[in-house]
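Every number in this text was worked out from the coordinates using simple rules, so none of it is lab data. Owing to the predicted nature of the structure, the values given are computational and were not obtained by experimental measurement. Cβ sites come from the backbone with ideal geometry, for glycine too, and all protein chains shown count toward neighbours.
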Amino acid sequence: MTIVILGGTAEARALAQCLVDERLDVLSTLAGRVRDPRLPAGRVRIGGFGGVEGLVRFLRDTRAFAVVDATHPFAAGMSRNAVAACASTGVPLLRLQRTGWADEPGAETWTWVDSHAEAAGVATEYSRPFLTVGRQALPDFIEPLRNASALVRVVDMPDFELPDAWTTLGDRGPYDLVGERGLLQSERVDALVTKDSGGTYTWPKVAAAAELGVDVVIVRRPDPVQGVERVTSAAAAARWVVGR
Ligand code: NAP
């Protein structure tokens, strides 16, 4: 019996490690977006399933006992497909999603927007916006910020062209407060543009912005999928699996 973890996050890797430690058969799946991904413990499968139908086939082929959707809060398509495929196969589904930053001190002073396109519009008001939204969201920023001297940080360089005026940093973290503070200062960043990824892993950039009085423009999370039990930590997800 296989526990399937839809992964691509630090929480997914933590959960895989917990379950492997419990001697369970764990199969983590990754979309394959990152060239050299951090691999979780246990078995790993890389690449999409081919929509809901493909995921249904996969769950049957692997005799999945349970699925934990531990994808990123912004991976809404995968989460929707997981709900549909688990409903159709009767495989229990848990959503593991870290808490967002909306309740953090200072969050009420940030500019909250509903989409990356909207964030791009707000970013045009700044001279040196720092885009930490992930490579997949960058196309929304290209036209509005074509002539702006944006600073961009990505794990893998995009395979599409970025404006000449932009400065691109290839880096994957982890990031600490000292490094983030130094970067915001040395690059004279006047706005941090990010999304509500939540958790502690990418928090130092926001903490550094708050310290330095740099404005924060933040994209709200997509609505969570309904009708699925949710937990916010790998430990709670491990308890759910082991309890079953
Ligand atoms: P998405 O838009 O919800 O997913 C698009 C398609 O990618 C899915 O329909 C599925 O393809 C495939 N896919 C996504 N996650 C998968 C997984 N864990 N295993 C197998 N196939 C997967 O998701 P996304 O925003 O492209 O994110 C892709 C992955 O990167 C996620 O696993 C997520 O955890 C990770 N990630 C995303 C972000 C972000 O900001 N979006 C940030 C950090 C990490 P098929 O339809 O062919 O099955």
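Structural remarks
- The chain, relative contact order in percent, only Cα pairs under 8 angstrom and at least six apart counted: 21 percent
- Cα shape, the stretch 118-184, gyration tensor, a/c 1.5 rule: oblate
- Annotation: average projected area of the chain is 13.1 square nanometres, based on the convex hull of Cα atoms across all directions.
- The residue list Pro204, Leu55, Ala120 was ranked by how far each Cα lies along the charge dipole of the chain toward its positive end, using unit charges on Cβ atoms, and Leu55 comes out on top.
- Its Cα gyration tensor gives the stretch 118-244 an equivalent ellipsoid. The semi-axes, each the square root of 5 times an eigenvalue, are 30, 18, 14 Å from largest down.
- Local charge for Arg221 was computed over the other residues whose Cβ lies under 12 Å away, with Lys and Arg +1 and Asp and Glu -1, and equals 0.
- Adding -39500 (n - 2.57) for every DSSP H run of four residues or longer, then dividing by how many residues the chain holds, sets the calculated 222 nm ellipticity at -9500 deg cm²/dmol.
- Estimated dipole of the chain in Debye, rounded to 20 [Cβ of Lys and Arg +1, of Asp and Glu -1, Cα centre]: 1040 debye
- About its Cα centre, the dipole of the stretch 1-83 is roughly 220 debye, where the only charges are +1 on Lys and Arg Cβ and -1 on Asp and Glu Cβ.
- Globularity index of the stretch 1-61 is 1.10 (Cα radius of gyration / 2.2 N^0.38 Å, N = number of residues).
- Point-to-point label distance, Asp164-Val242, nm (Cα→Cβ direction, 7 Å offset): 5.9 nm
- Evaluated at q = 0.12, 0.14 Å⁻¹: base-10 log I(q)/I(0), Debye formula over Cα of the stretch 1-136: -0.57, -0.73
- Considering only Arg63, Arg95, Arg172, the Gaussian network model of the chain with Cα springs below 10 Å gives its largest mean-square fluctuation to Arg172.
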